[in-house]
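Following: one structure in structure tokens, then a few remarks.
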Amino acid sequence: MDRNQITKWLKAPAKMANKYSLHAIYFCTGCGIIEVPPVITARWDAERFGVIPVATPRQANLFLITGYVSIKTLRAIIRTYEQMPEPKYTVGFGSCPINGGMYWDSYNTIKHLDKYIPIDGWIAGCMPRPEAIFIAVTHLWTLIDKEMANGYIRYRENYKSYRRNQELALGKLEWPPLYPVSDESRGNKQ
Amino acid sequence: MSLEILLIIAFGGAPLTYLFGKTSEKIRDFLAVVISLSLVAFVACLYGKSMEKTFYLGFFGLGLVLRLNVLSWFFAITISVVGTLSIIFSLSYIKGREKTDFYFLMMLLVNAAMLGIVLAGDLVSFYIFWEIMSWSAFLLISYNKGPALAAGMKYIVMSIIGSVCFLVGMLSLYVSFDTLNISQIASVIGSASSGYILFILTAFGIAFGIKNAVLPFHTWLPDAHSEAPAPFSAVLSGTLIKMGTYGFLLLLYVIVGLKLFLGLGRGLLSFHSILCFLGAVTILIPTFIAMLQTDAKRLLAWSTVGQAGYIILGIAFGTNLALAGGIFHFFNHAMFKALLFFAVGAVEFRTQTRDLDSLGGLAKKMPVVFIGTLVGICALIGVPLTSGFVSKWLIYKTLILEGSPFLAFFALAGTWGTILYSYKLIHNVFLGQLPEKYKDIQKSPFTMQLPMIVLSLAILVFGILPGIPLKVINAIGTSFGFESLNITLWGITSETGTLNTINIFSAVLVAAVLSWLLFRLGAKSVSVSQEDSYAAGAYTPTDKYHYTAEFYNPLYRMTKPFLRDVIDGFYYWIASSVRSLAGSVRRIYSGDVGYYVMYIILFLTVLIFVQMRWKIW
Amino acid sequence: MVVKITQIILSPILALVVGVFFLGLARKIMARIHWRYGPPLIQPVIDMIRLFYQKSVSHGSMFDLGLILSLAGSIVVVLFLPFGGIAPLSGSGGLLVILYIMLLAPLGMALSGGQGANPNISIGISRKLILGLGYEVPLLLVLLAVMTRYKTISIMEVVIAQQSTGWSFISFPLFLSGLSYFLILPAILGLRPFDVSSAPQEISSGPMAEYGGKYLALATIEHAFVLFISIALFVNLFLGGAANPAIFFVKMLVVFVLGLCINAVFPRFRIEQAVKYLWKWPTLLAFLGLIITLAVRS
């Protein structure tokens, strides 16, 4: 952990600040959320690393997708992800977002979450232990250092295909596109 | 340049407008505005003069006198300006309703009567103009049919009770001193006994207290002000109530004089402390009631009762700072209450409702009205840089330094209550989510925006440069015999701590610039629509995502047992007792001639018996 | 003149440093009370740097301007508060001006949040204002007792008077007022049990629900200033102020740590429980203090 190295702070303050102040949106996505309370309380103290849960996506920059993703939850996950300010990082936690996991042939779950929102890192397991969340965080630090944690940039550049996947899975979406999807400028101001 | 011409223009213009209105609407509108503006110009030209002129001799041997001094001038300019702005506002507001000629006639008549009151030099002309004002106000309050009729009835009954008390006091003064000229009474009243002075103070005090809505007499105000048409509510709250203030000023400072007034009674039981206490209670309780209202105009009406308490407290307290604060607060209150009533009227004009539970999000649709409300609310609370701050600061300072911390506590706690209800007003009408049915409303018309812009500018200018009105108010204070305050353009300097608005203004400006620079330091923000708000993962449901109903519900639940309207209930009990008493008296008239014959025979019997026994005749 | 300008520039910067330090200290001490390690003391600074680099959303111009107004109000109040020997603008009206400008901060935040079009924000603001009404009643009684006792409305004079007569907190007529002020201090600071207006679990952090990026950073700076102002006012009026900033800082530290210990063990009151508490014992104590002060004065 290079939080004490002042020269690195002076050279790239954005990177260092993004690394050591990862506020996670406290959204209990699936069954894996049971591993998170021990992480943020006294047993495995995540606040040492700067990771605390916050109440709304507007204040967050880390999204932990813990567990399986049903169709209903996918709506909420996409909405929450779009409301987070950039730069933002997502970590898929558990086997279900990777390839469906235990629910590989269910009619109601999403098998590959990467088609709908961009994921920066995966942690396999069913469920991984709480220490795996720390592994995810340190792995994310390495990615941020190497500037490979650019899920949000991928989302912005390939928004058309992401939106098409979302519409295929969920039907008509009530919210307008986050970035313009065609030549006429529709949706929110950029 | 004489006062009779002023009153002739004012009183003559009203029926003239009515007659022209029968022919053409445009001429009537134009004439109404021209008359009001000419009155403003006339009064402005009279600045600095003082005169006293008997204009009619031979009213039962009394002369009717018109008089102008600094106090009258200050009130006259406020009345004429607020009246003019109301008439400009009414041009669009009243369009399309029935009986608009009558409306303009009454508006001009009310303004003329109020000008007459402040220019009156003797009690008879005061009374005549007072009655004209009360009656024309009654007719105008009942202009919208429906609940306005009951509200108007309540108003006129209480006003008549006040007028009767006034008449009693006036007649007793005539019997004691043989004159009704105000300056002559002022010179001879020192010879009266203190019991008599107390009686005069009580009689006139009830009359002016009812008009000024001091606490036990305030119950007519919420109904009357919320049911009147919006421009007239502005005039009612802004200037008509303050005729009671003018009356108190005349009574306490001109007629009775400060030394006599403070010398009455002893300790806590004197008229002075009772009046201060009533003023303080009038600040606190209506402010709490205002927080819990759901009708925008009723909220503003209760707020008027509360602010009138500040004025009475300032006037009754008796030091020159308190007097200056009270009179300046009258001026400020006229401005910002008129502004707020105009704003609520503009919203009502476009959305046809004033229910706070169903409006919302109109800030982007009606930006001028929103900014006007914002300035009005900041002035109401007393945010520094608005004129409300200066007047409230003066009142607080003198209350604290003269050693009445309990009165100061009432005044200061009233301010926080003011913040609560002002925020409720602006949040439920302008902030929050825009309901679907108001998505297509247009902005308010220009004749409605103009008075709001003028008043907002005036509030800001007088907040930054309070010396301009304070100079006039200081002259009023010295005319009552106080020593003069050191007024500079930016505030007041005195040994007990200065008020320097330029310091505060520059500090806030610099701090705002610094914060803005800090704000720009961050990454640029994206502008989103109101539907893109946090809704726990769902897309925000339209029309269901606005928290307006029961805005202060926890407070309401806590204070509901203590806030039953006992005073109003008391008055209704008196009214129903009188009605039942009259009902039982009515049974004497049974319509049967036999009963009448029996009454006559019985009465003759009693008379004969009395004559035979006690031989009276 | 030069001294005054340096004081004017130095005062908000020192207040910000102290406030941010208190924010970090709060998290560290809470963590240690919970038997864990906690973040480093400069964690709020790291958070703020990160927040300034994030792109946020804005709901309109009132959203921005309200926040700027609230921050401006807090900076101006700091200028009027003596901090040890540093007291730039303490001549102009003193305590009354502070009472007035102190209400610019919640008002600005209320106006800004109102445009967020989110009922969580509206509920948070209505709770904040009701709580303000709750603590304002005893606070006014306490401040009036102080003003009556020392016959002044300038804080600097209160500080100087205490240097000869001892701390107000332990002096005869004002100890009740001091006790009452200490009892309502958690409400003014927004610590538990009175943090009902920004309850993260219930109303998703109340007025800050739509604040992201630089808005949240400014709101955090605003919170730091509010911490500084509230504790500095208490230290100035009741603990004797100080002749130099270092001793002042030590006194503030002691008060803040005591408040944090209360914060660590209490749950959150509901809003009507909070207001009922604030209007019961602290108001009674403050009222008695005011009566005794009035009686002693004559």
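Taken over the range C:48-73, the criterion of being out of contact with any strand residue (DSSP E or B) (no Cβ under 8 Å at 6 or more places or on another chain) and in a loop (DSSP other than H, G, I, E, B) is satisfied by C:Y53, C:Q54.
If you go through the range A:63-101 one residue at a time, how many are surrounded by fewer than 23 Cβ atoms within 10 Å (Cβ to Cβ) and away from chain B (no Cβ under 14 Å)? Qualifying residue count for the region: 5. If the condition is being out of contact with any His (no Cβ under 9 Å at 6 or more places or on another chain) and facing chain C (nearest Cβ under 10 Å), then the range B:389-406 contributes B:F389, B:W393, B:Y396, B:K397, B:L399, B:I400, B:L401, B:G403, B:S404, B:P405, B:F406.
Checked against (1) under 14 Å from the mean Cα position of the chain (by Cα); (2) modelled with pLDDT of 90 or more, A:P37 passes all but a single condition, namely (1). Being among the hydroxyl-bearing types (S, T, Y) and either at pLDDT 90 or above or buried (at least 22 other Cβ atoms within 10 Å of the Cβ) (or both) is the filter here, so list the residues in the range B:77-132 that pass it. Listed by number, the residues that qualify are B:T78, B:S80, B:T84, B:S86, B:S90, B:Y93, B:Y103, B:S125, B:Y127. Residues in the range C:93-114 that are at the interface with chain B (Cβ under 9 Å from one of its Cβ atoms) and not in a helix (DSSP H, G or I): C:G93, C:L103. Kindly check whether there is at least one residue in the range B:480-496 that is in contact with a helix residue (DSSP H, G or I) (Cβ under 9 Å, 6 or more places away or on another chain), at pLDDT below 85, farther than 24 Å from B:L340 by Cβ and at the interface with another protein chain (Cβ under 9 Å from one of its Cβ atoms). For the range B:480-496, residues in contact with a helix residue (DSSP H, G or I) (Cβ under 9 Å, 6 or more places away or on another chain), at pLDDT below 85, farther than 24 Å from B:L340 by Cβ and at the interface with another protein chain (Cβ under 9 Å from one of its Cβ atoms): present.
Quick check on B:S533: is it touching a Ser or Thr at 6+ places or on another chain (Cβ under 6 Å), crowded, with 17+ Cβ neighbours inside 10 Å and either in the same structural domain as B:K364 (by TED's automatic domain parsing) or at pLDDT 80 or above (or both)? The answer is yes for B:S533.
Can you tell me which of C:I262, C:I271 is farther than 25 Å from B:T559 by Cβ and among the β-branched types (V, I, T)? Quick ask: steps written out before the conclusion?
Working: C:I271 fails: farther than 25 Å from B:T559 by Cβ.
Being farther than 25 Å from B:T559 by Cβ and among the β-branched types (V, I, T) holds for just one of C:I262, C:I271, which is C:I262.
For the range C:25-35, filtered to residues that are in contact (Cβ under 8 Å) with a residue 40 or more places away in the chain and closer than 18 Å to C:F228 by Cα, the residue that is farthest from the chain's Cα centre (by Cα) is C:I29.
May I ask you to list the residues in the range A:140-186 that are in a helix (DSSP H, G or I) and of a type in the set (F, W, Y)? Please lay out each step first, then the result.
Going through the range A:140-186, the residues in a helix (DSSP H, G or I) turn out to be A:140-145, A:151-157, A:159-170.
Hits for the range A:140-186 are A:W141, A:Y152, A:Y155, A:Y159, A:Y162.
When each of A:K115, A:K111 is tested for being in contact (Cβ under 8 Å) with a residue 40 or more places away in the chain, away from chain B (no Cβ under 14 Å) and among the basic types (K, R), the lone residue that passes is A:K115.
Keeping to the range A:31-56, report how many residues are within 23 Å of A:A132 (Cβ to Cβ) and touching a Ser or Thr at 6+ places or on another chain (Cβ under 6 Å).
Residues of the range A:31-56 within 23 Å of A:A132 (Cβ to Cβ): A:31-54.
Pick out the ones that are also touching a Ser or Thr at 6+ places or on another chain (Cβ under 6 Å) and you get A:32-33, A:50.
Qualifying residue count, the range A:31-56: 3.
Being small (G, A, S), facing another protein chain (nearest Cβ under 10 Å) and either farther than 15 Å from B:G306 by Cβ or crowded, with 24+ Cβ neighbours inside 10 Å (or both), is that true of even one residue in the range B:364-378?
Initial filter on the range B:364-378 (small (G, A, S)): B:372, B:376.
Of the ones still in play, those that are also facing another protein chain (nearest Cβ under 10 Å) are none.
No: the range B:364-378 contains no residue that is small (G, A, S), facing another protein chain (nearest Cβ under 10 Å) and either farther than 15 Å from B:G306 by Cβ or crowded, with 24+ Cβ neighbours inside 10 Å (or both).
Quick check, is C:F182 part of a loop (DSSP other than H, G, I, E, B) and either among the hydrophobic types (A, V, I, L, M, F, W, C) or buried (at least 22 other Cβ atoms within 10 Å of the Cβ) (or both)? In short, no.
Every condition in (1) part of a helix (DSSP H, G or I); (2) more than 21 Å from C:R27 (Cα to Cα); (3) in contact (Cβ under 8 Å) with a residue 24 or more places away in the chain; (4) more than 13 Å from chain B (Cβ to nearest Cβ) holds for C:A161 except the one numbered (3).
Results for (1) out of contact with any Phe, Trp or Tyr (no Cβ under 8 Å at 6 or more places or on another chain); (2) within 19 Å of B:H546 (Cα to Cα); (3) within 10 Å of another protein chain (Cβ to nearest Cβ), shown as yes or no for each residue.
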| site | (1), (2), (3) |
| --- | --- |
| C:S122 | no, yes, yes |
| C:L129 | no, yes, yes |
| C:V137 | no, no, yes |
| C:M156 | yes, no, no |
| C:I170 | yes, no, no |
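Looking at C:R36, C:R32, which is the one that is more than 8 Å from chain B (Cβ to nearest Cβ), surrounded by fewer than 24 Cβ atoms within 10 Å (Cβ to Cβ), among the charged types (D, E, K, R) and not in a helix (DSSP H, G or I)? Please lay out each step first, then the result.
On the way: C:R32 fails: not in a helix (DSSP H, G or I).
When all the criteria are applied, what remains is C:R36.
The single condition from (1) at the interface with chain B (Cβ under 9 Å from one of its Cβ atoms); (2) free of Cβ contacts under 8 Å to residues at least 40 places away in the same chain; (3) more than 25 Å from B:F288 (Cα to Cα) that C:A117 fails is (2). Between B:I189, B:I185, B:I197, B:I206, the distinction of being in contact (Cβ under 8 Å) with a residue 40 or more places away in the chain, crowded, with 18+ Cβ neighbours inside 10 Å, outside any loop (DSSP other than H, G, I, E, B) and within 26 Å of the chain's Cα centre (by Cα) belongs to B:I206 only. B:Y155 fulfils the conditions (1) surrounded by fewer than 24 Cβ atoms within 10 Å (Cβ to Cβ); (2) farther than 12 Å from B:L240 by Cα except for a single criterion, (1).
Residues of the range B:432-447 being within 26 Å of B:V528 (Cβ to Cβ) and either in a helix (DSSP H, G or I) or in contact with a Ser or Thr (Cβ under 8 Å, 6 or more places away or on another chain) (or both), which ones? Selection gives B:G432, B:Q433, B:P435, B:E436, B:K437, B:Y438, B:I441.
Rundown of residues vs (1) touching a residue at least 24 places away in the same chain (Cβ under 8 Å); (2) buried (at least 23 other Cβ atoms within 10 Å of the Cβ); (3) at the interface with another protein chain (Cβ under 7 Å from one of its Cβ atoms), yes/no style:
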residue	(1), (2), (3)
C:F52	yes, no, yes
C:L65	yes, no, no
C:S70	yes, yes, no
C:G73	yes, yes, no
C:V77	yes, yes, no
C:F80	yes, yes, no
C:P88	yes, no, no
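Evaluating C:F22 against the criteria (1) facing chain B (nearest Cβ under 7 Å); (2) within 16 Å of the chain's Cα centre (by Cα); (3) at pLDDT 90 or above leaves one unmet condition, (1). Evaluating A:G30 against the criteria (1) closer than 30 Å to A:P177 by Cα; (2) away from chain B (no Cβ under 14 Å); (3) among the small types (G, A, S); (4) crowded, with 17+ Cβ neighbours inside 10 Å leaves one unmet condition, (2).
Here A:A42 passes the criteria (1) under 18 Å from C:Y211 (Cβ atoms); (2) more than 12 Å from chain B (Cβ to nearest Cβ) except the one numbered (1).
The values are calculated or read from the model by the stated rules, or taken from the named source; none is laboratory data. In this text, all values refer to a predicted model and were calculated from it rather than measured experimentally. We place every Cβ from the backbone using ideal geometry, glycine too, and count neighbours over all the protein chains shown.
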